[in-house]
1. Region 219-280 to region 188-205: how many Å between their Cα centroids?
2. Tell me, what is the FRET efficiency for Ala107 and Ile18 to the nearest 0.05, using R0 = 30 angstrom and their Cβ-Cβ distance as r?
3. Once label points are set 7 Å from the Cα along Cα→Cβ at both Gln25 and Ala502, what is their separation, rounded to one decimal in nm?
4. Nearest-5 percent of antiparallel DSSP beta bridges in region 447-531?
5. Describe numerically, in nm with one decimal, the distance between label points set 7 Å from Cα along Cα→Cβ at Asn199 and at Lys152.
6. Beyond a 18 Å Cα-Cα separation, which of these cross-linked pairs lie in this structure: Lys294/Lys353; Lys59/Lys130; Lys21/Lys91; Lys459/Lys513; Lys338/Lys513; Lys88/Lys123?
7. May I ask which of Lys262/Lys311; Lys246/Lys334; Lys271/Lys330 have a Cα-Cα span longer than 28 Å here?
8. In Å, the Kirkwood hydrodynamic radius of region 447-531 over pairs of distinct alpha carbons?
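Bear in mind these aren't lab numbers, they're just calculated from the coordinates by the rules spelled out. All figures in this text were calculated on a predicted structure; none of them were measured in a lab. Reconstructed Cβ throughout: ideal geometry from the backbone, glycine too, with neighbour counts over all protein chains shown.
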Amino acid sequence: MSNTLYRKYRPQTFSDVIGQKHIVQTLTNAIKNNRIGQAYLFTGPRGTGKTTMARIFAKSVNCLSRRSDAEADQKRKDSDSEPCMECKVCKNFSENRSLDIMEIDAASNTGVDNIRELRETVKLPPSQAKYKVYIIDEVHMLSIGAFNALLKTLEEPPAHVIFILATTAIHKVPGTIISRCQRFDFSRLTMESIIQKLNIIAKSENIKIEKEALEMIAIAAEGGMRDAESLLAQVISLENKNITSKEVAEILGTADHQIIAKLAQFLLEKKLHESLELINKISSDGYNLEIFGKSLINYFRQMLLLCADQKLAKTLSFELTAEQIQSMEKISQKYALKDMLSAINHLLETQAKISASFIPQLPLEIAASRICSDAQDLIANEPTVEIKEMPIKQTSVTTQPIEIKKPEIKAPTRIATESVAGGEIKKEISEPEKSIEPENNGAEISISEIKNKWDSILKEIKPLNHSLSGFLSNCQPIKSEGNVITIAVKYSFYKERLDENANKLTMEAAFAKILESQIRLKFVSEEEAGINPPVGGQSTGKQNDLMSEAMKIMGGKIVEE
């Protein structure tokens, strides 16, 4: 190929443009109805056709073969807005020999002097065409002084001049410039549009390429046609005339969408063994794990959108084919939103560590282990609760009455205390419901006993859920009443996490094992508990946190003199 694909197959007429239908329709109508503006602003992501559209528009308004206004008023056709590609203006412009259609790279001509020179040239009439068209690419690169110099000319240009500004960063263009232009927003191209164009190019180049391979190139292009054409050119130059998806994956360093979907399903189904096996296979096959990790995160993001609302499927048309979206919709119905959030959080935590890790697949293996173990917390805790209830089940085989269980546990304490008072035993036994919930396995647990065993409780929770152990290490027990322990929490987001039902079950089981009593936990903020920050100016909370972390690492303690 003597020419790059994106230049060789660049659209030359409006009918050649793929996507951007709303912009094509507006511009063609303006040409047919002779309502030509004097300043246009094209904005959007890279590779979406801004400069291409500007060139086609410039040729079309100047095409010498277009009928006169009188003829056009009688009956207009779609072809009226298309350049003929045969007249002098069209040919000169296609061969880059036109003096009336000029492209200016704002990235190379950023200064005030460049714009002052432009202001002088716009006064000169066109040599052949009806309009002199100035296409200023990447206009956001102009300096503030250059924008100010352009402002007056843009507001009141000569009748024979049309400005077309193109930018990928509209937020960097001053509002005074934007307000003087007709603005057109270019959107990313859909997967179907990119695949359609790549198919046309492959046939023209006599290349056979698998559909899955085209899909992989389209996904990697991220909605940009120029990027897709450049990637296809890279693949064609390195491979033979029959291109497979495996070859494309090796060249681009990306994994097939099916492999990503397979690993995601293993993680959602909590199949840790299969997940780790697939991660190691992907690593041994030579895939770029950093790119793979990003693709996996994006897959879960897409699933998150579908879990939130099936109507959001239309936003994924730039990233996925219709078949892929249908498949993901079916999978998303089986899982909850929290499953996707958990997976995304763990993958984001490890993504930055992949490139720095001496074992590249290790961060992904850690993330997979955490994703699979997170949803098992509730299941893992259920047997612990059942073990606590086993003695109750054994005391009564048939009816399991609560009244039978209570005297066995509490009779020794009640008899010793009530015998002094005299004659009150019958009254206590006749109202068992009053003491079953708060006292349960015996006397009330003191707050000092809880504090003494606090480290043991944290150690018991840590293997079950590392995060909960970390949260509790920054909390403090402040009250014990009956079997209810009140804990003061430092941060509001800690409190929200600790109050979750599944997490409470995990912690209550650990507390019950260490304190040898069935208990209930209640979490309050430090404000609600009446714990005030230190007096005397600024709070030293951050310093205390750092001190605590240092003590944990070094195994030390604070000694007061």
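1. One Cα centre to the other: 18 Å.
2. It comes out at approximately 0.70.
3. Placing both labels 7 Å along Cα→Cβ, they lie 4.7 nm apart.
4. DSSP beta bridges in region 447-531 are roughly 45 percent antiparallel.
5. Each label point lies 7 Å from its Cα, and together they span 5.5 nm.
6. Exceeds cut-off: Lys21/Lys91; Lys338/Lys513; Lys88/Lys123.
7. In this structure, Lys246/Lys334 exceed 28 Å between Cα atoms.
8. Roughly 12.6 Å, rounded to one decimal.
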